[in-house]
Amino acid sequence: MAFAPQMKIPATYIRGGTSKGVFFKRDELPEACQQAGAARDAMLLRVIGSPDPYAKQIDGMGGATSSTSKTVILDKSSQADHDVDYLFGQVAIDKAFVDWSGNCGNLTAAVGAFAISKGMVDAERVPENGICTVRIWQVNIQKTIVAHVPVCNGEVQEMGDFELDGVTFPAAEVGIEFMDPADGGGSMFPTGNLVDALEVPGVGTLDATMINAGIPTIFVKADAIAYTGTELQEDINGDRAALEKFEAIRAHGAIAMGLIEDVSEAAARQHTPKIAFVAPATTYTSSSGKEVRAEDIDLCVRALSMGKLHHAMMGTAAVAIGTAAAIPGTLVNTAAGGGERQAVRFGHPSGTLRVGAEAKLIDGEWTATKAIMSRSARVLMEGWVRIPADTF
């Protein structure tokens with residue numbers, strides 16, 4: 001019996017922030033996969049190794065976590081005054097599903113470097129030594145992101161002494177600016193309130209801050225759901241009842257935010273919105289064993305991604321945290337001690353992260369002008385990925 005051979009697709013495997021993903025140039029994909037559709041989704045699923053009922057992704061490039069089940073497609077930008085178009089696909093682990101509904105802030109740190117190394121940034125804009133400013137058009141959310149990538153001797157500088165909690169080894173610092181990070185399609189607070197009473201059947205009525213900044217995010221208070229805000233992954237991810245509770249809160253929050261019309265739709269929209277819980281600054285021990293002291297942070301935040309507690313913090317959720325912290329009256333701002341602020345340092349399971357944000361009240365509506373953070377990125381492998389030629 002004859003079987004289809006494997007086909008080779010040019011690809012690069014990159015760590016960006018606390019995530020890893022498989023990066024492609026759009027024009028190097030098989031022709032049928034260069035546009036949105038079933039063929040492209042089938043290709044990405046097979047590359048990553050999904051759907052996998054064992055939830056291990058052994059037969060693919062995925063790492064069996066939401067942070068490592070990611071794909072990126074880049075193209076020379078079609079937008080004026082931008083260098084590269086960045087499309088992000090979050091691949092489900094145990095389902096045949098690619099979620100295109102949001103951005104990945106962590107992998108954003110790798111987009112600029114990839115664009116430079118692949119000649120997608122005009123040569124005259126790349127210094128011999130210094131910082132290259134890469135203007136990114138984020139296709140999923142239709143927003144501008146600016147990456148400040150260090151360059152040495154005309155090539156991307158990947159090594160450095162910048163340390164990022166959640167990443168074992170230091171690397172070069174990449175500054176990321178998320179411009180106008182609020183949802184351009186409506187209010188940054190889609191319910192019109194900084195805090196809502198969110199009714200969740202089987203859970204109760206919870207105070208919630210629901211914000212569209214970086215990525216749609218629902219914040220609740222840790223003590224309202226019997227947590228402290230210092231939990232690590234093992235405290236939650238093995239608790240089926242807890243995960244079901246978080247998913248119920250997320251689904252009903254998504255309805256309140258106008259993202260879905262029925263809770264049944266949440267299963268097909270796993271990447272967004274995010275669900276997070278906040279608490280005042282508290283000393284705890286991070287997943288690496290390092291002590292995070294209350295006096296070194298403004299608050300504690302834990303967030304779930306694709307149904308599991310994240311090992312650190314999603315970059316886009318960090319934008320939501322920073323933006324919400326800048327607005328007096330939100331649950332995030334209150335947990336951080338209240339008042340006006342332009343930056344916040346929060347504790348997450350792997351350590352701490354600082355994010356800056358600017359928010360203004362204009363004609364009675366809050367708007368965010370930018371959010372700023374530092375990440376790092378490193379190419380792990382480059383060449384080709386192989387999938388069966390009859391995948392699509």
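Of the residues in the range 171-186, how many are of a type outside the set (Asp, Glu), surrounded by fewer than 17 Cβ atoms within 10 Å (Cβ to Cβ) and part of a loop (DSSP other than H, G, I, E, B)? Result for the range 171-186: 3.
Mind checking whether some residue in the range 309-320 is within 16 Å of the chain's Cα centre (by Cα) and free of Cβ contacts under 8 Å to residues at least 60 places away in the same chain? No, the range 309-320 contains no residue that is within 16 Å of the chain's Cα centre (by Cα) and free of Cβ contacts under 8 Å to residues at least 60 places away in the same chain. Return yes when Ile218 is in a strand (DSSP E or B), open to solvent by less than 10 Å² (accessible area, probe 1.4 Å) and either under 22 Å from Thr367 (Cα atoms) or modelled with pLDDT of 95 or more (or both) and no when it is not. So Ile218 passes the test.
Among the residues of the range 177-219, the ones that are within 28 Å of Gln138 (Cα to Cα) and touching a helix residue (DSSP H, G or I) at 6+ places or on another chain (Cβ under 9 Å) come to 19 in all. If the condition is being open to solvent by 10 Å² or more (accessible area, probe 1.4 Å) and of a type in the set (A, V, I, L, M), then the range 12-27 contributes no residue at all.
Within the range 226-251, can you find the residues that are aliphatic (A, V, I, L, M) and either buried (at least 16 other Cβ atoms within 10 Å of the Cβ) or assigned to a strand (DSSP E or B) (or both)?
To start, the set of residues in the range 226-251 that are aliphatic (A, V, I, L, M) comprises 226, 232, 236, 241-243, 248-249, 251.
Of everything in the range 226-251, those that are aliphatic (A, V, I, L, M) and either buried (at least 16 other Cβ atoms within 10 Å of the Cβ) or assigned to a strand (DSSP E or B) (or both) turn out to be Leu232, Ile236, Ala242, Leu243, Ala248, Ile249, Ala251.
Keeping to the range 118-170, report how many residues are assigned to a strand (DSSP E or B) and under 23 Å from Lys25 (Cβ atoms). Number of matching residues: 18. Of everything listed in (1) open to solvent by 10 Å² or more (accessible area, probe 1.4 Å); (2) out of contact with any Cys (no Cβ under 9 Å at 6 or more places or on another chain), the single unmet condition for Met210 is (1). Tallying residues that are of a type outside the set (D, E, K, R), open to solvent by 30 Å² or more (accessible area, probe 1.4 Å) and under 15 Å from Leu331 (Cβ atoms) within the range 187-207 yields 6.
From the list Asp75, Asp94, which residue is assigned to a loop (DSSP other than H, G, I, E, B), acidic (Asp, Glu) and touching an Asp or Glu at 6+ places or on another chain (Cβ under 7 Å)?
The unique qualifying residue is Asp94.
Taken over the range 99-119, the criterion of being open to solvent by less than 10 Å² (accessible area, probe 1.4 Å) and of a type in the set (A, V, I, L, M) is satisfied by Leu107, Ala109, Ala110, Val111, Ala115. Among the candidates Ile255, Ile275, the residue that is of a type in the set (Val, Ile, Thr) and within 19 Å of the chain's Cα centre (by Cα) is uniquely Ile275. Screening Lys70 against (1) under 15 Å from Leu107 (Cα atoms); (2) in contact with a helix residue (DSSP H, G or I) (Cβ under 9 Å, 6 or more places away or on another chain); (3) surrounded by fewer than 24 Cβ atoms within 10 Å (Cβ to Cβ) leaves a single unmet condition, (3).
Selection within the range 48-63: residues that are more than 14 Å from Lys95 (Cα to Cα) and among the aliphatic types (A, V, I, L, M). The member of this set that is most open to solvent (accessible area, probe 1.4 Å) is Ile58.
The values are calculated or read from the model by the stated rules, or taken from the named source; none is laboratory data. What you see is a predicted model, and the numbers here were worked out from it, not measured in a lab. Heads up, the Cβs are rebuilt from the backbone with ideal geometry, glycines too, and the neighbour counts pull from every protein chain shown. Just the protein is used for accessible areas: all its heavy atoms, side chains included, with ligands, DNA and RNA removed. Shrake-Rupley method; radii C 1.70, N 1.55, O 1.52, S 1.80 Å.
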